[in-house]
1. Answer with yes or no whether B:Met272 is outside the structural domain of B:Ile145 (by TED's automatic domain parsing), under 30 Å from B:Asp311 (Cβ atoms) and touching a residue at least 40 places away in the same chain (Cβ under 8 Å).
2. Select from the range B:443-475 the residues that are modelled with pLDDT of 80 or more and either under 15 Å from B:Asn390 (Cα atoms) or surrounded by 20 or more Cβ atoms within 10 Å (Cβ to Cβ) (or both) and list them in ascending order.
3. Among the helices (runs of 4 or more DSSP H) lying completely within the range B:105-201, list those that include at least 3 residues that are polar (S, T, N, Q).
4. Determine whether the range B:412-425 contains at least one residue that is free of Cβ contacts under 8 Å to residues at least 60 places away in the same chain and under 25 Å from B:Gly322 (Cα atoms).
5. Would you call B:Leu280 at pLDDT 85 or above and open to solvent by 50 Å² or more (accessible area, probe 1.4 Å)?
6. Pull out all pairs, ordered by first then second residue, where Cβ-Cβ is under 7 Å, the residues are six or more apart or on different chains, the first lies in the range A:4-27 and is within 17 Å of A:Met55 (Cα to Cα) and facing chain B (nearest Cβ under 8 Å), and the second is among the small types (Gly, Ala, Ser) and assigned to a helix (DSSP H, G or I).
7. Conditions: (1) modelled with pLDDT of 90 or more; (2) in contact with a Lys or Arg (Cβ under 8 Å, 6 or more places away or on another chain). A:Gly81 meets all but one. Number of the miss?
Amino acid sequence: MPKLLVVDDELDVREFSRSFFQKRGVEVLMAQDGKEALRLIEQDVFDLVLLDVRMNGMSGLDVLRELRRRNITVKVVLVSGTEDEGAVQEATSLGSVGFIHKPLVLEELKSVVFSHFSQ
Amino acid sequence: MDMRLFLSRIGVLLAVYLVVIGLPVWLVIYYPLDRFGPLLAMAVLATVGPFTYIFFQNKAAERIFKDQRRYQATLIQASAGMGRIKDIRKLLKLIVRIVIRVVKVEHCAIYVLDTPGNKYTLGAMILRRRPVMFPASMLMDSIFIRELTAGRRPLLLADAEKKIRRNSADSQILAKEFSALQGVLVVPAMIGNRLLAFLVLGPRISGQAFRAADIAVFTVVANQAATAIENALFYENMKTTQEQLFKAEKMATIGTMADGLSHQINNRLHAMGFIAGGMLDTLTLRKDLFNSPELKEVEKEFAYALSRLQDNVARGGEIVQGIMKYSRKGDEGQSACDIDRVLSSAWEMAQFKIRSDQMNIVKQYDPILIPKVLGNFTQLQEVFFNLIDNAYDAMIVRKSLAEDPQYRPELAVGVEPDGGLVRIIFSDNGIGISEQDRKKLFTPFFTTKATARKGTGLGLYIIRKIVEDDHSGRVEVESTHMGGTKIILTLTLAKAAK
């Protein structure tokens with residue numbers, strides 16, 4: 001069973017992502033901020049992490065930097081509200097595998113997530 | 001000493017002493033027996049005489065100096081008034097009014113230096129007698145202006161006409177330019193060697209010629225005016241700079257606000273999209289529950305509503321992106337941009353929507369020979385992308401309407417250097433723009449695509465903002481319905497890049 005971590009400070013986004021992917025046979029864990037995400041990633045092995053860029057406290061990029069510092073490799077897809085080319089570049093250099101823009105419909109998210117599961 | 005003053009003094013002296021000496025002599029002659037009367041008259045008159053003389057002398061001087069006094073009073077008033085006025089238009093009006101008040105002339109005008117235009121433009125005028133057509137401006141390199149600047153003193157039409165008799169070609173032009181100004185006297189207002197403004201005066205209402213004293217007064221007024229004009233121009237310049245700074249700050253604030261706002265709106269939209277998507281997903285997965293015709297109807301209705309909700313979320317997101325693209329802070333610098341490279345990268349951006357086999361881009365230029373333009377690469381890329389996107393949509397509509405199997409969407413891009421400018425022309429063979437829509441073309445949120453396809457109505461608005469506000473360029477549209485559209489961008493040539 002593939003394991004997905006959804007990191008987002010929006011309760012609705014977390015909840016609806018979870019129910020959507022659970023129905024498709026994905027085990028979904030949720031984190032509402034960067035710190036919680038780091039804790040979960042250290043404890044567990046995820047097939048993919050969906051990481052919001054702008055959150056209260058640690059940003060998505062901060063989480064990526066921290067992961068790199070701790071030498072943890074995990075597939076991360078960043079979810080961003082703005083087309084910030086600087087952030088895309090930095091995220092790519094920090095080892096993220098994808099970048100998707102809000103708002104996006106669940107169907108699109110599904111295809112992105114499953115394409116990374118199958119790789 | 002003034003000749004009139006000298007003569008008046010002698011006149012008064014003679015008159016007073018004629019009485020002082022004449023009256024006792026007359027008394028002695030007519031009343032020879034009365035010894036006391038003439039003596040008394042002599043004593044009284046000798047005492048009163050000097051005072052009378054001084055009194056009449058002052059009266060006469062006052063009369064003679066009346067004009068000068070009036071000039072002085074006006075000048076003092078004027079210098080106090082001029083320095084306070086910071087609005088250049090008001091100042092010029094005041095200067096003309098002062099001149100008219102000092103010496104009664106038929107008309108008076110002031111021309112002031114228009115720095116970027118290299119000319120002097122009519123700033124203010126007063127007409128007292130007859131309508132006069134003052135020329136709107138006078139070129140800086142005209143012979144008249146050169147003469148005025150070099151001479152640094154008032155010029156009389158009569159003097160200029162005298163010069164004509166010497167018959168050099170220049171003096172003929174000078175007199176012609178002079179009479180075009182409709183004045184008989186021109187007074188320069190200078191700061192150092194710079195001619196800042198000049199006064200043009202018509203003939204005196206009295207018909208008399210200008211006296212040396214009048215011209216001297218005008219010179220003083222003009223010099224004071226020059227200082228005041230310089231101050232006012234400086235103030236105006238500072239005000240413009242401040243306004244620009246303020247605008248820039250405001251834009252930065254709006255940028256920051258828009259950034260935060262779009263983040264918030266995006267998050268809401270994103271969540272709403274997920275909620276709608278989740279519900280739709282449940283409906284799809286549990287189709288088996290809706291087994292009666294009524295339930296099936298309900299399921300269909302819900303599914304439709306939810307898909308519409310998702311669609312609206314997606315469009316809302318596009319609008320937020322559209323606004324963000326313009327207001328986003330970031331690299332604001334301009335450099336020499338290779339038009340071909342801008343076009344290629346914009347075409348690449350368009351690939352997510354347009355497959356290259358769906359339309360042709362015809363480059364009507366030599367990528368090596370075309371000059372570079374001064375601009376912000378990212379912004380120009382955005383402009384080109386929007387133009388490609390619009391052309392594509394217009395051509396798709398045309399294709400669907402024409403039902404011509406031979407029709408092939410084609411966007412031609414031409415580059416025409418023109419002096420310090422470069423025209424970039426995008427011509428498509430799409431549906432074109434109707435007369436009625438053309439007026440609203442650049443209005444934000446106006447779109448004709450709403451019915452056929454998705455459109456935010458921000459594309460051309462942003463194009464215009466970027467080209468005209470940020471690049472001081474121009475956007476022109478030529479279009480006929482069913483005949484295709486031509487968009488002409490005029491940008492500045494990047495000189496250093498050549």
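1. On the way: outside the structural domain of B:Ile145 (by TED's automatic domain parsing): yes; under 30 Å from B:Asp311 (Cβ atoms): yes; touching a residue at least 40 places away in the same chain (Cβ under 8 Å): yes.
Against the criterion (outside the structural domain of B:Ile145 (by TED's automatic domain parsing), under 30 Å from B:Asp311 (Cβ atoms) and touching a residue at least 40 places away in the same chain (Cβ under 8 Å)), B:Met272 qualifies.
2. First pass over the range B:443-475, keeping only residues modelled with pLDDT of 80 or more: B:460-475.
Once the filter is applied, which keeps residues that are modelled with pLDDT of 80 or more and either under 15 Å from B:Asn390 (Cα atoms) or surrounded by 20 or more Cβ atoms within 10 Å (Cβ to Cβ) (or both), the range B:443-475 yields B:Leu460, B:Tyr461, B:Ile462, B:Ile463, B:Arg464, B:Ile466, B:Val467, B:His471, B:Gly473, B:Val475.
3. On the way: elements: B:143-151, B:157-166, B:169-180.
The qualifying helices (runs of 4 or more DSSP H) are B:169-180.
4. No, that holds for no residue.
5. Working: at pLDDT 85 or above: yes; open to solvent by 50 Å² or more (accessible area, probe 1.4 Å): no.
Against the criterion (at pLDDT 85 or above and open to solvent by 50 Å² or more (accessible area, probe 1.4 Å)), B:Leu280 does not qualify.
6. A:Glu10/B:Ala271; A:Asp12/B:Ala271; A:Val13/B:Ala271
7. That leaves (1) as the condition not met.
The values are calculated or read from the model by the stated rules, or taken from the named source; none is laboratory data. In this text, all values refer to a predicted model and were calculated from it rather than measured experimentally. We place every Cβ from the backbone using ideal geometry, glycine too, and count neighbours over all the protein chains shown. We work out accessible area using only protein heavy atoms, side chains counted, and drop any ligands, DNA or RNA first. Shrake-Rupley method; radii C 1.70, N 1.55, O 1.52, S 1.80 Å.
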